[in-house]
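The values are calculated or read from the model by the stated rules, or taken from the named source; none is laboratory data. The model shown is predicted, which means the values in this text are computed figures rather than measured ones. Positions of Cβ are backbone-derived with ideal geometry, glycine not excepted, and every protein chain shown enters the neighbour counts.
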């Protein structure tokens, strides 16, 4: 899977900013930011990222509801989604994968390893898909 663009969705401005800095300077990928599920859905009408990083717990439209809406709207053409959450017990990771995500990154994440963590999840997903 060749990643060149990412949509980062998180209600925490600091997390969005750190992820954007790392992913645009280290990798470098084009990164668009959304502060909410509704904002992400609006951005997806104009921007087709290779991958979506999606916070699980957000006010309004949470991550699982946002993912459901993306899957309903785009079907098989929906970009793969990696959830980001502070709650990453095995049962929760399995639950998020059953919802249709390709993996989970635990917050707080390490900025130095974020790109490799994303690529590792994508490689594992591709080898299974």
Search result, residues across segment 20-34 that are surrounded by fewer than 17 Cβ atoms within 10 Å (Cβ to Cβ), closer than 19 Å to residue 1 by Cβ, in contact (Cβ under 8 Å) with a residue 24 or more places away in the chain and over 15 Å from the mean Cα position of the chain (by Cα): 26
Exactly one of these conditions fails for residue 11: (1) closer than 17 Å to residue 106 by Cα; (2) in contact (Cβ under 8 Å) with a residue 12 or more places away in the chain; (3) part of a helix (DSSP H, G or I). Give me its number. (3)
Among (1) under 13 Å from the mean Cα position of the chain (by Cα); (2) at positive phi, residue 60 falls short only on (1)
Residue 72 fails exactly one of the following numbered conditions: (1) closer than 25 Å to residue 128 by Cα; (2) touching a helix residue (DSSP H, G or I) at 6+ places or on another chain (Cβ under 8 Å); (3) at pLDDT 95 or above. What is the number of that condition? (2)
Return yes or no: is residue 98 surrounded by fewer than 19 Cβ atoms within 10 Å (Cβ to Cβ), closer than 19 Å to residue 123 by Cβ and at pLDDT below 95? no
